[in-house]
Amino acid sequence: MIRTENLTKVYRMGEVEVQALRDVNLEIQDGEFIAIIGPSGSGKSTLLNMIGCLDKPTSGAVLIDDINTGKLSENELAEIRREKIGFIFQQFNLIHTLNALENVALPIFFAGVRREKRLKRAEEQLVKVGLEDRIYHKPSEMSGGEQQRVAIARALSNDPEIVIGDEPTGNVDTEAGNAIMDILEGLNREGRTIIVVTHDADIAARAGRTKRMRDGKVLD
Amino acid sequence: MKDAFLLVYRNIKERKTRSILTMLGIVVGIAAVIAIMSISYGMQESITEQLSEMADIIMVTPGSVELGSFGDFGSLNERDLKDVERIQGVKEAAAMIGEIEEVEYRGEMFMMQIIGIDPRDMDAVFGETVKLEEDSGSETGASGRELRENDHKVCEIGYSIARDYFDDEIGVNDRLTINGSKFRVVGVLEKQGGFRSGVDSQIYVTKRDAVNILDTADISTIFVRVRDIGEAEEIAAEIEERIDDNHKLDDFTSAMAMGGAIEDLESIFGILQVFLLAIASISLIVASLGIMNTTLMSVMERTHEIGVMKAIGAKNRNILFLFLMEAGLVSVVGGVLGCIVGIVAAKAISFGIVAIFGVEIAAIVRPEVLLGGIAVAVLVGILSGLYPARKASKMSPVEAVRYE
Ligand SMILES: Nc1ncnc2c1ncn2[C@@H]1O[C@H](COP(=O)(O)OP(=O)(O)OP(=O)(O)O)[C@@H](O)[C@H]1O
Ligand SMILES: [Mg+2]
């Protein structure tokens, strides 16, 4: 279970303070599929970064399975990101010098798993997202939709409980977006917690629950 | 490990020109060190080899070698020689009469150094080191014979006199005119070069002949061989004292122990070696700055990528390792190439020295120097990569991902 307690994030830019998150209290149950919507600048990405252990709150806390992530060391946070969470970006963010298989194998490499086992596991993930015939393609040789599916395979490579997507369909057409949502639904059926930010009402409608944000607050 | 290597290798390959230029810095630095070390080992060996044969010699000449005492030296005489021979620890003492005289051969004339020496003493002075030239055609396998005690109007000549000075080559049984008297050549000496290249342009006659044609009995040099090299300095001091007494003058003569000269030469050599290595090290420092700069640029350019890697679970040390490996790989390859270039350069320098100066100086490439060179390259690479790699590893994942 993921829980935020009075989660607040303030960005200070010189004299100006930006309240990206104000006292956010949110509970996400294991196995839930939740969509977060809201206008640009409302703090959606900031919230995902906090939950995804990429950033630390100014005040308040994020608890994952009752562990306060604010109290963990950088190394422990890296381990949570690696083992418990799979992060999917709007811009795909694949490593352009590596092919699909190597990209997917990268988080398993950081986990220190042996090469053969690692490549086998990476290949399984690519098959799972329907890219078995794109294994040796470089990112530049794939469509946006395919790249995002590689990114999903990469997010899944260490078998995480939580999959987080910050506008995962934002850079692909409707058809590819639907394919991505199909995959995410499938992952949810496997029992994983899915959290996605989206601007698309149709996409949001496919989630089990929708939360709206405005001015750094989660509305009821 | 293999994937880390691949990742790093592809990053290096992506910016080929920059990586090659960075590597070139290391190549030049390491090559300079290897070449300098190899050549100086060669020089050291050739110096010690040539001089160690003379380590037990004391050279006695009139006139102090100290500065400001040049001028009319006077000369040594038979009494000096007898006194030197009597000194405890002296094995042999040989006197030489030396003058520059006109030498004529088939109508050509040159001024040359004529050395008058007792044939018995010649062995004492040169021992095994100066031999007759080889001649497979002759019965003895040598070009002529050595001077004998009762020889009259015959000479042995140095290699350059036989081959280089005159238009016509001079061989055994040819006749030269020295200061108006005819001399027959009985032997041609082997080429010496290096520290004994003086021998190549000297003509040796018996002491008796020298006294006659040079019109002097003055001794220009006494060569002394000592029994124990350890006592050479003391014996040299005693020789100076005796001869100065004979001539009732302070600082009339100087006796130089060659062993001491070897040590002096070696210490000068050591200083030179350190100096050259210091210069080579500067090029290594420049190379190190190059690596640091390249790695830093690589870190900057890949900030976004570093952020992504951290977001998907890379620990600080994973990132640190990747960038250290990048710096290390460039410098290892640079180090290996530097060794190869260094060996080639050392051989070329050695070849050049032989061609230009006629001195045989081998390029001695020691394996420990090569290993040391590669180790230094790796060390330079890792140390230079450390700062940029730490910088990369400490980046905040969100900020790095946002960076475009
Ligand atoms: N690193 C930062 N430094 C300063 N201000 C920031 C930073 N990141 C976000 N902000 C500010 O915090 C607020 C929330 O940003 P956030 O990216 O979370 O919005 P968002 O809901 O994801 O918007 P969008 O839909 O456009 O992605 C914005 O006003 C933004 O300008
Ligand atoms: Mg956003």
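The values are calculated or read from the model by the stated rules, or taken from the named source; none is laboratory data. Quantities reported herein were computed from a predicted structural model and do not represent experimental measurements. Counting neighbours? That spans all protein chains shown, and the Cβs are built from the backbone with ideal geometry, glycine included.
Brief remarks on what is shown
- Unique match (being touching a residue at least 12 places away in the same chain (Cβ under 8 Å), within 16 Å of ligand 1 (Cβ to nearest atom), assigned to a helix (DSSP H, G or I) and in contact with a helix residue (DSSP H, G or I) (Cβ under 9 Å, 6 or more places away or on another chain)) among A:164, A:203: A:203
- Meets criteria (in contact (Cβ under 8 Å) with a residue 40 or more places away in the chain and of a type outside the set (Val, Ile, Thr)) for residue B:352: no
- Candidate set from the stretch A:1-48 (those that are of a type in the set (Ser, Thr, Tyr) and away from ligand 2 (no atom under 14 Å from the Cβ)); member that is farthest from residue A:63 (Cα to Cα): A:8
- For the residues B:200, B:209, B:215, the requirement of being charged (D, E, K, R), within 23 Å of residue B:79 (Cβ to Cβ) and crowded, with 20+ Cβ neighbours inside 10 Å singles out B:209.
- Qualifying residue in the stretch A:119-126 (condition: within 13 Å of another protein chain (Cβ to nearest Cβ), away from ligand 1 (no atom under 16 Å from the Cβ), in contact with a Phe, Trp or Tyr (Cβ under 7 Å, 6 or more places away or on another chain) and closer than 25 Å to residue B:321 by Cβ): no
- Verdict on residue A:97 being more than 8 Å from every other protein chain (Cβ to nearest Cβ) and either surrounded by 16 or more Cβ atoms within 10 Å (Cβ to Cβ) or not in a loop (DSSP other than H, G, I, E, B) (or both): no
- Complete set of residues in the stretch A:127-147 that are within 14 Å of another protein chain (Cβ to nearest Cβ) and touching a residue at least 40 places away in the same chain (Cβ under 8 Å): A:138, A:139, A:140, A:147
- Picking from residues in the stretch A:61-78 that are within 18 Å of the chain's Cα centre (by Cα), among the aliphatic types (A, V, I, L, M) and away from chain B (no Cβ under 13 Å), the one that is nearest to ligand 2 (Cβ to nearest atom) is A:62.
- Yes/no for residue A:135 being modelled with pLDDT of 95 or more and assigned to a loop (DSSP other than H, G, I, E, B): yes
- Every condition in (1) over 20 Å from residue A:24 (Cβ atoms); (2) touching a residue at least 60 places away in the same chain (Cβ under 8 Å) is met by residue A:208 except one, and the failing one is (1).
- Residue check for residue A:58: within 16 Å of ligand 2 (Cβ to nearest atom) and either in contact (Cβ under 8 Å) with a residue 12 or more places away in the chain or within 21 Å of residue A:192 (Cβ to Cβ) (or both): no
- Counting only helices (runs of 4 or more DSSP H) that fall entirely inside the stretch B:312-404 and contain at least 2 residues that are away from chain A (no Cβ under 14 Å) and charged (D, E, K, R), the qualifying elements are B:367-393.
- Screening the stretch A:79-94 for residues that are among the aliphatic types (A, V, I, L, M) and within 12 Å of the chain's Cα centre (by Cα) and picking the one that is nearest to the other protein chains (Cβ to nearest Cβ) gives A:85.
- Every residue from the stretch B:16-55 that is at pLDDT below 90, among the hydroxyl-bearing types (Ser, Thr, Tyr) and within 18 Å of residue B:280 (Cα to Cα): B:40, B:41
- Just one residue in the set B:282, B:243, B:271 is over 23 Å from residue B:5 (Cα atoms), buried (at least 16 other Cβ atoms within 10 Å of the Cβ) and either without any contact (Cβ under 8 Å) to a residue 60 or more places away in the chain or touching a strand residue (DSSP E or B) at 6+ places or on another chain (Cβ under 6 Å) (or both); that residue is B:243.
- In the set A:171, A:158, A:178, only one residue is more than 18 Å from residue A:49 (Cα to Cα) and within 16 Å of ligand 2 (Cβ to nearest atom); that residue is A:171.
- Taken across the stretch A:41-51, residues that are away from chain B (no Cβ under 14 Å), surrounded by 15 or more Cβ atoms within 10 Å (Cβ to Cβ), over 16 Å from the mean Cα position of the chain (by Cα) and of a type in the set (Ser, Thr, Tyr) do occur, with at least one present.
- Residues of the stretch B:170-203 that are more than 18 Å from residue B:102 (Cα to Cα), more than 24 Å from the chain's Cα centre (by Cα) and not aliphatic (A, V, I, L, M): B:171, B:173, B:187.
- Filter pass, residue A:106 being in contact (Cβ under 8 Å) with a residue 60 or more places away in the chain, within 12 Å of chain B (Cβ to nearest Cβ) and crowded, with 17+ Cβ neighbours inside 10 Å: no
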